[in-house]
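Chemist: Before I ask anything, here is the structure I am working with.
Values quoted throughout were computed directly from the atomic coordinates according to the rules given, and no laboratory measurement underlies them. The model shown is predicted, which means the values in this text are computed figures rather than measured ones. All Cβ positions, glycine included, derive from the backbone under ideal geometry; neighbour counts span all protein chains shown.
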Amino acid sequence: MKLRRPSSLPAERQRKILESIHSRGSAKIQLLSRLLNVSEATVRRDLKVLTARGLIDRTHGGAVLPETSTAFEKLYAEKRTQLQEEKRRIGAAAAARVRDGETIILDSGSTTIEVARHLTHHKNLTIITYDLFIAGSVDYDDTTSVLVSGGTLRPGFNVLVGSEAENFFRKIRVNKAFLGADAIHPEQGVFNATFSEHAVKQRIVEATQEVILVADHSKFGKVALVNVCPLDAVHRIVTDTGLDETVLSELKRHGTAVELA
């Protein structure tokens, strides 16, 4: 019997498995085997990995997405229409922690843009970002400088990614960084839904004295595809009052400072 050549590396196969399960709601091992042109044993190994990471639930002969998964990323425009009032409150509370004259990084996202909108009266800031919307759509004070990383434009998200963006953040050091997330789990840390931005986010965490995580309550108690950093790397979380009490207790038990806006 002729052996089939695997269609991709494990990470790429697992991404395709997640896409298939997301589009159908579930997927059988036999279907995934044909789709990926790999053996059923290979599919089972990939499903085991994805199950261990909390991204899927196994069923008899296949898998489904768990209720706690945010493995897939919404488009930028869609994110901006969700929980707008909560994000505005988070943005105001987070921006209040910035002092005039500081150098800060703003991560990409629909919550960090609200941080940016509440920085318009601050003086002598240096704002660094890889999000073109944050850089170009906010009327900052004339004394504020805005620096944008290099990189490759990610279609549909208005952000710059790739090695050039990563190297830019690797070379700098700042006072504060406001980090977004697709999912936050008290035990497993901060997650991003795709590989496209996670390396840039990791460089941002490394570049700052103080990491402030800004995320609405819907992101908590969940996991996504790629781990960005453990919660130990985060100095403070700013979220909204809709955060589940159980999750809040778990975060405090781990020693994480949490501010509810």
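Chemist: Skipping prolines and chain starts, which residues have an amide H placed within reach, meaning under 5 Å, of the one on V174, given they are 5 or more residues away or on another chain?
Modeler: Under 5 Å from the amide H of V174: T208, Q209.
Chemist: Return the whole-Å distance between the Cα centroid of region 213-232 and the Cα centroid of region 161-177.
Modeler: Between the Cα centres of region 213-232 and region 161-177 lies a distance of 20 Å.
Chemist: How high is the relative contact order of region 76-260, given as a whole-number percent (alpha carbon pairs under 8 Å, six or more residues apart)?
Modeler: Numbers: 418 pairs, mean separation 35.5, N = 185.
Reported as a whole number, the value is 19 percent.
Chemist: Additional query: Loop-only chymotrypsin sites (Phe, Trp or Tyr not before Pro) in region 94-200, please: DSSP not H, G, I, E or B, and at most 15 other Cβ atoms within 10 Å. The partial results should precede the final answer.
Modeler: Values: sites: Y130, F133, Y140, F157, F168, F169, F178, F191, F195; in loops: Y130, Y140, F157, F195.
Listed in order of number, the matching sites are F195.
Chemist: What list of ³J(HN,Hα) couplings, whole Hz, do you get for region 200-207 from phi and the Karplus terms 6.51, -1.76, 1.60, once you set θ to phi - 60° and write x for glycine and proline?
Modeler: Values per residue, Gly and Pro as x: 4, 4, 5, 5, 4, 4, 6, 8 Hz.
Chemist: Continuing with this model, one more query. Based on other C-beta atoms within 10 Å, arrange K176, K123 from fewest to most. Don't skip to the end; give the middle numbers.
Modeler: Working: K176 21, K123 11.
Ranking K176, K123 by Cβ neighbours within 10 Å, fewest first, gives K123, K176.
Chemist: Using modelled backbone amide H atoms (1.01 Å from N, in-plane), which distant-in-sequence or interchain residues come within less than 5 Å of V223's amide H?
Modeler: Under 5 Å from the amide H of V223: T70.
Chemist: Given only helices, namely DSSP H runs of n ≥ 4 each adding -39500 (n - 2.57), what is the per-residue ellipticity at 222 nm of the chain, to the nearest 500 deg cm²/dmol? Before the final figure, lay out the partial values.
Modeler: Working: 10 runs with 90 residues, N = 261.
That calculation yields -9500 deg cm²/dmol at 222 nm.
Chemist: Next question, about the same structure. Quick one: length gained pulling E85 to D232 fully straight, 0.36 nm per residue minus the C-alpha distance? Provide the component values of the computation, followed by the final result.
Modeler: Details: separation 147, 0.36 × 147 = 52.92 nm, distance 2.83 nm.
Working it through step by step, the gained length comes to 50.1 nm.
Chemist: Modelling each spin label as a point 7 Å along the Cα-to-Cβ direction, I'd like the A52/L35 distance in nm, to one decimal.
Modeler: The modelled label-to-label distance comes out at 2.2 nm.
Chemist: Next up: Calculate, in nm to one decimal, what R45 and H254 gain on full extension: separation in residues at 0.36 nm each, minus their alpha carbon distance.
Modeler: Full extension from R45 to H254 adds 72.0 nm.
Chemist: If you wrap a convex hull around the C-alpha atoms of region 10-64 and split its volume per residue, what is the figure in Å³?
Modeler: Numbers: hull volume 3.5 nm³, N = 55.
About 64 Å³ per residue, rounded to a whole number.
Chemist: A further question on this structure: For region 122-129, take each phi angle, set θ = phi - 60°, evaluate the Karplus expression 6.51 cos²θ - 1.76 cosθ + 1.60, and give the result in whole Hz per residue in order, putting x for glycine and proline.
Modeler: So the J values, rounded to whole Hz, are 6, 10, 6, 7, 10, 9, 10, 7.
Chemist: Can you put D139, D240 in order of Cβ neighbours within 10 angstrom, beginning with the fewest?
Modeler: Working: D139 8, D240 21.
The fewest-first ordering by Cβ neighbours comes to D139, D240.
Chemist: Measure off 7 Å from each Cα along the Cα-to-Cβ vector at T152 and H60, then give the distance between these two points in nanometres to one decimal.
Modeler: Reported label-point gap for T152 and H60 is 4.5 nm.
Chemist: What's the local net charge at I212, with K and R +1, D and E -1, over the other residues with C-beta under 11 Å away? List each step's numbers first, then the result.
Modeler: Details: positive: R97, K176, R236; negative: D107, E210, E259.
Combined, the nearby Lys, Arg, Asp and Glu give 0.
Chemist: Only counting other Cβ atoms within 10 Å, I'd like I237, I29, I172, I204 sorted with the fewest neighbours first. Please list the in-between numbers first.
Modeler: Numbers: I237 26, I29 21, I172 17, I204 30.
By the 10 Å Cβ count, ascending: I172, I29, I237, I204.
Chemist: Using only the Cα atoms of the chain, each taken as one equal point scatterer with no solvent, compute I(q) by the Debye sum, divide by I(0), and report log10 of the ratio at q = 0.13 Å⁻¹.
Modeler: -0.84
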